[in-house]
1. In this structure, does Ser355 turn out to be in contact with a Gly (Cβ under 9 Å, 6 or more places away or on another chain) and surrounded by 12 or more Cβ atoms within 10 Å (Cβ to Cβ)?
2. Working only within region 272-285, note down all residues that are in contact with a strand residue (DSSP E or B) (Cβ under 7 Å, 6 or more places away or on another chain) and touching a residue at least 40 places away in the same chain (Cβ under 8 Å).
3. Just a yes or no: is a residue in region 218-228 open to solvent by less than 50 Å² (accessible area, probe 1.4 Å), out of contact with any strand residue (DSSP E or B) (no Cβ under 7 Å at 6 or more places or on another chain), assigned to a loop (DSSP other than H, G, I, E, B) and small (Gly, Ala, Ser)?
4. Sort out which residues of region 238-277 are of a type in the set (A, V, I, L, M) and at pLDDT 95 or above, and write them in order of number.
5. Restricting attention to region 98-116, does a residue exist that is closer than 18 Å to Asn147 by Cα, modelled with pLDDT of 90 or more and surrounded by 11 or more Cβ atoms within 10 Å (Cβ to Cβ)?
6. So which of Ser252, Ser269 ends up being farther than 27 Å from Cys212 by Cα and open to solvent by 40 Å² or more (accessible area, probe 1.4 Å)?
7. Please determine whether any residue of region 148-166 is among the aromatic types (Phe, Trp, Tyr), open to solvent by 40 Å² or more (accessible area, probe 1.4 Å) and more than 28 Å from His11 (Cα to Cα).
8. Of the residues that make up region 190-198, is at least one in a strand (DSSP E or B) and touching a strand residue (DSSP E or B) at 6+ places or on another chain (Cβ under 8 Å)?
Amino acid sequence: ADIISTAEFNHTGELLATGDKGGRVVIFQREQESKNQPHRRGEYNVYSTFQSHEPEFDYLKSLEIEEKINKIRWLPQQNAAYFLLSTNDKTVKLWKVSERDKRPEGYNLKDEDGRLRDPSMITMLRVPVLRPMDLMVEATPRRVFANAHTYHINSISVNSDYETYMSADDLRINLWNFEITNQSFNIVDIKPANMEELTEVITAAEFHPHHCNTFVYSSSKGTIRLCDMRTAALCDRHAKFFEEPEDPSNRSFFSEIISSISDVKFSHSGRYIMTRDYLTVKVWDLNMENRPIETYQVHDYLRSKLCSLYENDCIFDKFECVWNGSDSVIMTGSYNNFFRMFDRNTKRDVTLEASRENSKPRAILKPRKVCVGGKRRKDEISVDSLDFSKKILHTAWHPSENIIAVAATNNLYIFQDKVN
């Protein structure tokens, strides 16, 4: 139940939210820098924990709906409270997280324990006053958006107009208004009339960071469609279609499976799209549809292991990818608790490991290398000894600083660049 299933920084980076398989949301807050230790940057400590989703049962379909949190998305902060969306397979909830450090005292009709007083005993009028109390962080559900998805929700994305958001499942994408919970507008529907003709499913979707009319969604066929809501209400016809032609020499039994896109992300600038498939991360320019402008090999040494990865179902793992604040570096996860970083300017890349053994506080991470066959140097790890049960599927990057969060099964690691 405590396996982390999503991680997301808020817009300032002061808060970091994680969701887990048990339906819980844990929010970490960055501590303020202390005057005693000015060189020590603020660390993240638990700020609030609440149960977001409970297990449910669909009696019509005889299906269990698990409580696992699939995605969390923050809304920009408008006042003292924080708002976030969390979703499981079927239901999206809008949560308000707020602080209370005062409580009212001196009620007329109730005593201090909250019990009703006998009206005949009330002889004088009291004016309630606010008294200081220990800080309490409360999480309250403000909206519940339910009953709109037949299939499992894989993505939610807040629009840049901050009035609407979308939720995507395998075959449909719905547009919601934050104020309206009982109806949504279906903007993409790829369900065929005959389900036997189904050839692809939607794997991820995201709104453009600046243009509220534009969004992208990726498919299990390795394609990305850019849609413009100004052209038609139902965006079944895309405005742009991004696909890389397949190299016939690389064709194999696994080609279709490994070309399925597991994550799609707009760059902060809105000029590029990043996609993650099983073996690579690709960066696409919105103005060029026929091929990506950059392709990064995440773990090409697994190409020879696809057969065993298919047998143990690892080939269906859905890795996420993230940009840093300036869109110059991208990060994504791998196996053996490795995660990869690619610098788009220098073309340098590094493999780092998130594990308890080598992640003592303030320790510096050493780059790791994987060797394929031949002689193994002492600091390298053989591809045959990689642990495929340890995988980093979910990562997050602070919006403006070099602070990253890496979810390795039920452990959350937070790393930051070295401060001189």
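1. no
2. Across region 272-285, the qualifying residues are Tyr272, Ile273, Met274, Thr275, Arg276, Val281, Val283, Trp284.
3. yes
4. Ile261, Val264, Ile273, Met274
5. There is no residue in region 98-116 that is closer than 18 Å to Asn147 by Cα, modelled with pLDDT of 90 or more and surrounded by 11 or more Cβ atoms within 10 Å (Cβ to Cβ).
6. After applying the criteria, what remains is Ser252.
7. Yes; the residues of region 148-166 include at least one that is among the aromatic types (Phe, Trp, Tyr), open to solvent by 40 Å² or more (accessible area, probe 1.4 Å) and more than 28 Å from His11 (Cα to Cα).
8. There is no residue in region 190-198 that is in a strand (DSSP E or B) and touching a strand residue (DSSP E or B) at 6+ places or on another chain (Cβ under 8 Å).
The values are calculated or read from the model by the stated rules, or taken from the named source; none is laboratory data. Since the structure is predicted, the reported quantities are computational estimates derived from the model, not experimental observations. Methodologically, a virtual Cβ is constructed for each residue, glycine included, from the backbone with ideal geometry; neighbour enumeration extends over all protein chains shown. Accessible surface areas use protein heavy atoms only, side chains included; no ligands, DNA or RNA. Shrake-Rupley method; radii C 1.70, N 1.55, O 1.52, S 1.80 Å.
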